[in-house]
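Inspection log for the structure reproduced underneath, given as structure tokens.
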Amino acid sequence: MDASVIVVGAGPAGLMLAGELRLAGVDVIVLDRLPARTGESRGIGFTIRTMEVFDQRGLLPRFGEIRTSEAGHFGGLPLDLGVLGAAHGSAQAVPQSTTEAVLESWARDLGADIRRGQEFTGLTEDADGVSVTVRGGDRALRARYLVGCDGGRSTVRKAAGFDFPGTPATTELFLADVRGVELEPRMAGQQTAGGMVMVARLPGGIHRIIVGERGTPPRRRTGAPDFTEVSDVWKRLTGTDISMAEPVWVSAFSDAARQVTEYRRGRVLLAGDAAHVHLPAGGQGMNTSIQDSVNLGWKLAAVVRGTHSEALLDSYHGERYEVGRRLLLNTRAQSTLILGGDEAGPLREVLGELLERSEVERHLAAKVSGLDIEYDVGGGGNPLLGARMPQLELVRGNKHTTTWELLRPARGVLLDLDDNAALRRRAQRWTDRVDIVTATVRDTPTDGPPTGISAALLRPDGHVAWTAPGSHADLPMALDRWFGPGR
């Protein structure tokens, strides 16, 4: 074996997965067909949940100062994300190129082997592993598992024969980063008589513009569109001329919505856009992709290291497929609101009325922020079960810490809030995989406090697998399910 895991694609999903695997001590090779990062930035921010995930791994300081906001939208209708009471806001104006640079530096620091200019061309799977052919490499490579993180046109997905059903594209949209022109921000997008326009300010005097003209089906392209196409559409939709602007880069995308029927086939798995494509409404695509990798990384590492059976990998499909399905559902709904013409007007008006109800606004704000995700971890009465653990301010001995700081090593955490020695003894057989922490709560968050719990078992991805009281399963059963048999 050249490595335990080969990851194809050095975008946010692939780099995040490489870092997660290295935190667990698993050797990984990342292949990317491009000789260097493109510098292009399709994603320009983080949802609240991605901010939390980066905080769990101690990554936020690597980004420097991050401007956050509590303003969001659903299909162009404004949302107040502050109703969620989360510790973080959503991040704005963080170019994807910066995200990739940070994640690559982190993964390399942890020992990931990232090989650029090496293009995946095919695979052969057998009972022991996967052999990968590479254009630009000296020879074929072999690993126990292969993960495709190579985007919406994934060659891994095609080579492994994954089904990719969904709805075809109906509308082509343009994305361009431009400088040399001053435009008023329209972060949520603005309806025009003929389509939709959006503007966001980025660092360095750059403006991100997105334009979509109704009734323009996607064209088959061999390269990037010319900026003249973008400026012509902009003028038709807004009446203003931006042809004098300097394009930094230009791209085209569509409203196609597709999802694989399975996230794993034997020793081949998919994450990110390789598993799901959709209209990038609210920037959810890159964020969901990063979270795919955080869900997969610790599970794949446990199987590779032999502490758990391959059955744990089935939970990756079971949990992330449903997240992807709901993602396509909400982005298709937003597509109707954003790209629909006059016929969508009544829908916008009715939804606008509903958003005046706080419970509706909270529901949609949680959906676009990634805070509504709950996994099936076994029955119980506590609402924390399966949800992500909010940030708790803790006192541990004479030191202050948080639940997210406890997750920095990407290990499980048994949080004992009642100084229960008997409970801690029951978890001793898992201490090679789970940290046992005795602490008291210093401050209770407003975004879902763990009312009345005396203990909680946290998975490495920050989701709650067991609580006391509130879980039907006992602690050893939960530990065995998520971390494998005890020593």
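All of the numbers you see were taken from the coordinates with simple rules; none came from a lab. Quick caveat, the model's predicted, so the values are computed rather than measured. Note that we place each Cβ from the backbone using ideal geometry, even for glycine, and neighbour counts take in every protein chain shown.
Rounded to 0.05, the FRET efficiency of the residue 2 and residue 133 pair, given R0 = 22 Å and the Cβ-Cβ distance, is 0.95.
In a DSSP loop and with at most 15 other Cβ atoms within 10 Å, the trypsin sites (Lys or Arg not before Pro) in region 221-286 are 221.
Here region 227-360 is treated with +1 on each Lys and Arg Cβ and -1 on each Asp and Glu Cβ, and its dipole about the Cα centre works out to around 700 debye. DSSP finds beta bridges in the chain, and of those with both partners inside it, around 75 percent are antiparallel. Considering only alpha-carbon pairs that sit under 8 angstrom and 6 or more positions apart, the relative contact order computed for region 218-295 is 22 percent.
The HN-Hα couplings worked out from phi for region 365-377 by the Karplus form 6.51 cos²θ - 1.76 cosθ + 1.60 (θ = phi - 60°) are 5, 5, 5, 6, 9, x, 9, 8, 6, 9, 9, 7, 10 Hz, whole numbers, x standing for Gly and Pro.
Taking only the C-alpha atoms of region 301-380, the Rg (one decimal) and the largest Cα-Cα distance, Dmax (whole number), read 18.3, 58 Å. Short version: ³J(HN,Hα) in whole Hz for each residue of region 154-160, in order, from phi by Karplus 6.51 cos²θ - 1.76 cosθ + 1.60 (θ = phi - 60°), x for Gly and Pro, what are they? My calculation for region 154-160 gives 3, 6, 5, 4, 5, 5, 8 Hz in order.
Amide hydrogen proximity for residue 420: with H placed 1.01 Å from N in the peptide plane, no residue at 5 or more positions away or on another chain lies under 5 Å. Only one of (1) 0.93; (2) 0.99; (3) 1.65 was calculated from the structure for Cα Rg over 2.2 N^0.38 Å, and its label is (2). In this simple spin-label model, placing a label point 7 Å from the Cα along the Cα-to-Cβ direction at both residue 332 and residue 115 gives a separation of 4.0 nm.
Taking amide H as placed 1.01 Å from N in the peptide plane, residue 74 has its amide H under 5 Å from the amide H of 79, each at least 5 places away in sequence or on another chain. For residue 399 and residue 184, a Förster radius of 45 Å and the Cβ-Cβ distance give a FRET efficiency of 0.40, rounded to the nearest 0.05. The angle separating the long axis of helix 345-354 from the principal Cα axis of greatest extent in the chain is about 40 degrees.
Here the contact order of region 171-254, divided by its residue count and restricted to Cα pairs under 8 Å and six or more residues apart, works out to 42 percent. Close amide-amide hydrogen proximity is noted between residue 216 and 172, each under 5 Å apart and 5 or more residues distant or on a separate chain (H modeled in the peptide plane; Pro and chain starts excluded).
Summing Cβ point charges (Lys, Arg +1; Asp, Glu -1) relative to the Cα centre of the chain gives a dipole of roughly 1120 debye.
Restricting the GluC sites (Glu not before Pro) of region 175-251 to loop positions (DSSP other than H, G, I, E, B) with no more than 14 neighbouring Cβ atoms within 10 Å leaves 182. Exposure proxy for 17, 103, 414: other Cβ atoms within 10 Å of each Cβ, ordered fewest to most, give 414, 103, 17.
Each label point was placed 7 Å from the Cα along the Cα-to-Cβ direction; for residue 472 and residue 241 their separation is 6.9 nm.
In this label model, residue 224 and residue 347 are separated by 3.2 nm, measuring between points 7 Å along each Cα→Cβ vector.
Listed values for region 136-149 are Karplus-derived 3J(HN,Hα) couplings in whole Hz (6.51 cos²θ - 1.76 cosθ + 1.60, θ = phi - 60°), namely x, x, 6, 6, 5, 10, 9, 8, 6, 9, 10, 10, x, 10, and x replaces Gly and Pro. Taking all Cα pairs closer than 8 Å and separated by 6 or more residues, the relative contact order of region 1-143 comes to 33 percent. Annotation for region 244-310 versus region 388-441: alpha-carbon center distance of 30 Å. One chain, two ends: residue 422 and residue 357. Fully extended at 0.36 nm per residue, the span grows by 18.8 nm beyond their Cα-Cα distance.
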